[in-house]
1. If only one of A204, A194, A158 is more than 22 Å from the chain's Cα centre (by Cα), buried (at least 21 other Cβ atoms within 10 Å of the Cβ), at pLDDT 95 or above and at negative phi, which one is it?
2. Under 7 Å between Cβ atoms, at least 6 apart or on separate chains: pull out the pairs that start in region 317-331 with a residue that is under 19 Å from L261 (Cα atoms) and end on any residue that is in a helix (DSSP H, G or I) and aromatic (F, W, Y).
3. Do you know which residues across region 274-290 are in a loop (DSSP other than H, G, I, E, B) and within 9 Å of the chain's Cα centre (by Cα)?
4. L74: within 29 Å of G345 (Cβ to Cβ), aliphatic (A, V, I, L, M) and under 16 Å from the mean Cα position of the chain (by Cα), yes or no?
5. Working only within region 294-335, note down all residues that are within 20 Å of P75 (Cα to Cα), assigned to a helix (DSSP H, G or I) and more than 18 Å from the chain's Cα centre (by Cα).
6. Quickly run through region 104-122 and pick out the residues that are under 30 Å from K307 (Cβ atoms) and touching a Ser or Thr at 6+ places or on another chain (Cβ under 7 Å).
7. Can you tell me which residues in region 289-307 are without any contact (Cβ under 8 Å) to a residue 24 or more places away in the chain and of a type outside the set (S, T, N, Q)?
8. Name the residue that is modelled with the lowest pLDDT, counting only residues in region 236-272 that are within 29 Å of H165 (Cβ to Cβ) and among the small types (G, A, S).
Amino acid sequence: MAVFNKVEFDNHEQVVFCADKESGLKAIIAVHSTKLGPAVGGCRLWDYVSDEDAVYDVLRLSKGMTYKNAVARLPFGGGKSVIIGNAKEIKSEALFRAFGRQLERLSGSYYSAEDVNITCADVAIMNKETDYVLGLEGKSGNPSPFTALGTFLGIKAAFQHQRGHQDLSGVKVAVQGLGAVAYTLCKYLHEAGAELFVTDINQASIDRVVTDFKATAVSIDEIYDLDVDVYAPCALGATINDSTIERLKATIVAGCANNQLAEGRHGEILRQKGVLYAPDYVINAGGIINVFYETSPEGYSAQAATKHVEGIFDTLTEIFTRSEAEQKSTHLIADELAQEIIANGL
């Protein structure tokens, strides 16, 4: 399998393929950059169709973490890992201990944390074999509420820039994907007076949000066609693509999913359509910000983490303003901001 000639390969410092026969572990760890500090990014457990899909995902996500950590002004580089398999079938203590041993072999160049299908309990098992993990219970814990808060504030920043106010009363929001982060985001939006339209592959997740927040359930495909103010992608990436982008009626795209644009050119298409896009790795940085405060010499502080997360509003406002002034898509402005910080330091 070729790696170096993949479009997603961006001078990654290290890409490690890991296997453990006894536990069934098959994993890939990608370290994109350690210029600002050790690479930090979550571990995702996913049943990829092919090994190539897993490589594609881990390369994109690790680069995204470099940029996310830089724009969030964290002394972290960027990395990511994926474990290949069905979460309902392969999870075991042996699996996560084996992965922990793989992390240990990297000697601190990469720290892992939770991501899709990985819980704080899973990370705690890794911790039995290595100290190179973050997001532990009793320390920073579950990052989801902080990611949700940052996403909510990002939606408000988009409204402030586009419409001159932050009042979400009566605003219609289409939320795609209803995992832990999206559930809390829906809670914030409901309390702010927004009207929710939701979808997910899990019916129980839909039912919960419909019951708790008076949301309207729609089909997975229908979510793109709704006459709403905001489209909030909160599942897996690449939902802004050639087949969906012309269907969107929302004037704001702001959600917590990673890699929302299937290709960079889709960011410019959104701009030309008059759609304000909140770059994914900026708006969803709340979780990694919270994790950073676990490393504080003074000990973890939820108050300090929350204050830092609130800065996402100001960062997005800067990006939106620069985008308008320079007539460039917001995702390019975000990339330029990240590159400036990486080049010049925090």
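The values are calculated or read from the model by the stated rules, or taken from the named source; none is laboratory data. Model, not experiment: these values are computed from the prediction. Please note: Cβ atoms are built from the backbone with ideal geometry, for glycine as well, and neighbour counts cover all protein chains shown.
1. A194
2. Correct list of pairs: T330/F320.
3. N284, A285, listed by residue number.
4. So L74 fits the description; yes.
5. Scanning region 294-335 gives E294, T295, A302, Q303, A304, K307, D314.
6. S109, S112
7. Answer for region 289-307, where residues must be without any contact (Cβ under 8 Å) to a residue 24 or more places away in the chain and of a type outside the set (S, T, N, Q): P297, E298, G299, A302, A304, K307.
8. Per the criteria, the residue is A257.
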